[in-house]
Amino acid sequence: MAQDDRDILEILKFELSFLEDGGYGRSPQAPWRAPAIFEDSPICPNFCDPARPHPCESCLLEQFVPEGQQKESIPCRFIRLTEEGLTVEDLYRTGSQAEMEEALAKWLRAQIQRIERERALSPREGAA
């Protein structure tokens, strides 16, 4: 399995920018279906490849998937986006696209802030 060596902070910032720039708007290739959060993003290892050749375990988002759902066919759908514990999957069933995007933006900002805070507090590698 190939390891993803990208920086999770940069991935989350990219995803937030993608979202804010309308990346989850209707696709000209498939205007009849709503875009799938994370799956239809360039951060997905299987982006634009219906054959899905890359295992989800190789995705950096796997660290946000609860342990019990990591073996699901599309584990990123089980990332909890809200304080109430609503997942991407829950919001597909009960929320609107606007509610989904709002929850995703809030979650992304919170994760970015958390990681930046953790990195600011952690000792620098190679520091004397």
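Placing unit charges on the Cβ atoms only, positive for Lys and Arg and negative for Asp and Glu, gives segment 8-121 a dipole magnitude near 40 debye about its Cα centre. You can think of it this way: the chain between residue 36 and residue 84 has 15.2 nm of extra reach, that is 0.36 nm per residue less the Cα-Cα gap.
Fully extending the segment from residue 10 to residue 67, taken as 0.36 nm per residue of separation minus the present Cα-Cα distance, adds 18.2 nm. Computed over segment 8-121, relative contact order equals 23 percent, with contacts defined as Cα pairs under 8 Å that lie 6+ residues apart. Only DSSP H runs of four or more residues enter the estimate; each adds -39500 (n - 2.57), and after division by the residues of the chain the mean residue ellipticity at 222 nm equals -11500 deg cm²/dmol. Within the shell defined by Cβ-Cβ distances under 13 Å, the residues around residue 9 carry a net charge of +1, with Lys and Arg each +1 and Asp and Glu each -1. Listed from fewest to most Cβ neighbours within 10 Å, the set 38, 18 follows the order 18, 38. Nearest 10 degrees is fine. How inclined is helix 97-121 to the longest principal axis of the chain, computing both from alpha carbons? So the inclination is approximately 10 degrees. Axis angle, to the nearest 10 degrees, between helix 8-20 and the longest C-alpha principal axis of the chain: 40 degrees.
Which stretch or stretches of segment 68-93 have amide N atoms under 16 Å from the point lying 7 Å from residue 105's Cα along the Cα→Cβ direction? Flagged as within label range: 82. Shape class for segment 8-121: rounded, because the ratio a/c of the largest to smallest gyration tensor axis (alpha-carbon atoms, square roots of eigenvalues) is under 1.5.
The numbers here are math on the coordinates, done by the rules we state, and not lab data. The model shown is predicted, which means the values in this text are computed figures rather than measured ones. Neighbour counts are summed over all protein chains in view; Cβ atoms, including those assigned to glycine, are modelled from backbone coordinates with ideal geometry.
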